[in-house]
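Working notes, structure below.
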Amino acid sequence: METQVQPNAQEPSTIAESPKKAKKVKKDRIPWWQSFLIIFATLAICLSAGYYISEKYLWNNNSDQISKQLQFYQMQVDQKPNDPLLRVQLGFTYFLKGDTDSAINEYNTAKSLDPNNFDAYLNLSIAYDKENRTDEALQMAVKAAKISPRDYKGHLLKGRSYRKLKMYKEATASLEEAIRLKPGNTDTIYEVGMVAEDQGKKKEAEQIYKETLSYDPTFKPALDALNRLNSKNN
């Protein structure tokens, strides 16, 4: 997506603009809230490998803002139906709104328009995982990692899907690669803990969850995991 660049402030000119021309310039400007949505949605898509994005990025309690964002991207897609990035942004907004089926439809359209669209495959993996369609989530994560092998997010999502399929060796290898590419990422470290917990290694999992909290003491999934382990021990 092209970044909207504001023109530099110009020095006072001796040539006055006509009121008609000034009105046209004003009309062509994008409203501030639309510019904000473009910037925020693009950022959110880039960060959308976070498992708990609806909580992390504060959209879950802001339904009015999501509705505005949805309306905006619906209009954008109507104007440019063959733009894969807009399709991903619209799909992501549907996802935040809780309409996973519509999100999946938009992501699939995006990847049909651009078979190498990393964000489309990545977000499809997240959406399929939410629907417990783990095999399909893994396929999309594998494709994302193939398109962009140096981006940790594809490997992270591969690791999550492998874990849910009880393919722990493959899960560990994928997560190790994600950690190599982005050390200290809380989502990845937490997922390593989940691999240990799923294999019954509770003490190891507890230590890994605590390591996660050493990077982010407020990371809710790790806090919940520790509470879960403690409740099992009591």
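Computed from the coordinates by the stated procedures, all read-outs in this text should not be read as laboratory data. Owing to the predicted nature of the structure, the values given are computational and were not obtained by experimental measurement. Neighbour counts are summed over all protein chains in view; Cβ atoms, including those assigned to glycine, are modelled from backbone coordinates with ideal geometry.
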**Complete:** Quick note on Tyr215, Tyr128, Tyr107, Tyr209, ordering by fewest other C-beta atoms within 10 Å, gives Tyr215, Tyr128, Tyr209, Tyr107
**Asked** Could you give the length gained on full extension between Tyr168 and Asn116, defined as 0.36 nm per residue of separation minus the Cα-Cα distance, in nm?
**Response** 15.9 nm
**Message:** Over 25 Å between Cα atoms: which of Lys158/Lys220; Lys111/Lys158; Lys143/Lys201; Lys143/Lys203; Lys68/Lys182 fall into that group?
**Reply:** Lys143/Lys201; Lys143/Lys203; Lys68/Lys182
**Request:** Subtract the Cα-Cα distance of Arg150 and Asn82 from 0.36 nm times their separation in residues, and report this length gain in nm to one decimal.
**Result:** 21.7 nm
**Message:** How big is the dipole moment of region 84-176 about its Cα centre under a simple scheme where the beta carbon of each Lys and Arg is +1, that of each Asp and Glu is -1, and everything else is neutral? Debye, nearest 20, please.
**Reply:** 320
**Asked** Fewest first, what order do Ile189, Ile179 take by the number of other Cβ atoms within 10 Å?
**Response** Ile179, Ile189
**Fill in**
If R0 = 30 Å, then Lys201 and Lys130, at their Cβ-Cβ distance, give a FRET efficiency to the nearest 0.05 of 0.70
**Prompt:** Taking Rh as the Kirkwood radius, which is the inverse of the mean 1/r over Cα pairs, what is the Rg/Rh value for region 139-220?
**Reply:** 0.97
